[in-house]
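Below is one structure, written out as structure tokens; the observations come after it.
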Amino acid sequence: MKEKIKLLEVFDNAYPNRNYTVIHTAPEFTSVCPKTGQPDFAAITIKYIPDKLCIELKSLKIYLNSYRNDGIYFESVTNKILDDLVQVCKPRYMIITADFNVRGGISSTVQAEFKDTNFNI
């Protein structure tokens, strides 16, 4: 798969001196199984404690929708989303939960977590 540039935008956190949690849920995430070419459906939950920046929602929606035609395994897409979001917003803490629909009689949930060790959370 050729690497695509996926745009994510951020904005300044108005409360950088406070730990608070932001939770975004995208219940209609889709990607493609690289082995079968069949679509995979998931609910993606992004939970984070911002530092100086927050994730802008429209760009997040466009970013997540950009995976619609990507052939990528559950584990890889979950970790890629975490890596991209951490790179752009540099949170104090973030966990991505990808709850994939049943396929072949097996349900799969993948979680990937980031903790900035400079903060006591």
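The values are calculated or read from the model by the stated rules, or taken from the named source; none is laboratory data. Owing to the predicted nature of the structure, the values given are computational and were not obtained by experimental measurement. Here Cβ is always computed from backbone atoms with ideal geometry, including for glycine, and neighbour counts include all displayed protein chains.
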Exercise for the section: Select, from Tyr63, Tyr93, the only residue that is under 12 Å from the mean Cα position of the chain (by Cα) and among the aromatic types (Phe, Trp, Tyr). Expected result: Tyr63
Handout entry: Boolean, Lys47 is over 17 Å from Leu7 (Cβ atoms), touching an Asp or Glu at 6+ places or on another chain (Cβ under 8 Å) and free of Cβ contacts under 8 Å to residues at least 60 places away in the same chain
Key = no
Practice task
Answer yes if at least one residue in the stretch 96-103 is more than 23 Å from Thr36 (Cβ to Cβ), at pLDDT 95 or above and not hydroxyl-bearing (Ser, Thr, Tyr), and no otherwise.
Solution key: yes
Exercise for the section: Answer yes or no as to whether Asp83 is of a type in the set (Asp, Glu) and loosely packed, with under 15 Cβ neighbours inside 10 Å. Expected result: yes
Problem - First in the stretch 87-98 and outside any helix (DSSP H, G or I), second anywhere and of a type in the set (Lys, Arg), Cβ under 6 Å, 6 or more apart - result: Tyr93/Lys115; Ile95/Lys47
Problem - Scan of the stretch 14-37 for residues that are surrounded by 10 or more Cβ atoms within 10 Å (Cβ to Cβ), out of contact with any strand residue (DSSP E or B) (no Cβ under 6 Å at 6 or more places or on another chain) and modelled with pLDDT under 95, ordered by number - result: Thr36
Exercise for the section: Check whether at least one residue in the stretch 51-63 is part of a loop (DSSP other than H, G, I, E, B), surrounded by 16 or more Cβ atoms within 10 Å (Cβ to Cβ), out of contact with any strand residue (DSSP E or B) (no Cβ under 6 Å at 6 or more places or on another chain) and on the phi < 0 side of the Ramachandran plot, and report yes or no. Expected result: yes
Problem - Boolean, Glu3 is modelled with pLDDT of 95 or more and either under 24 Å from Thr109 (Cβ atoms) or not polar (S, T, N, Q) (or both) - result: no
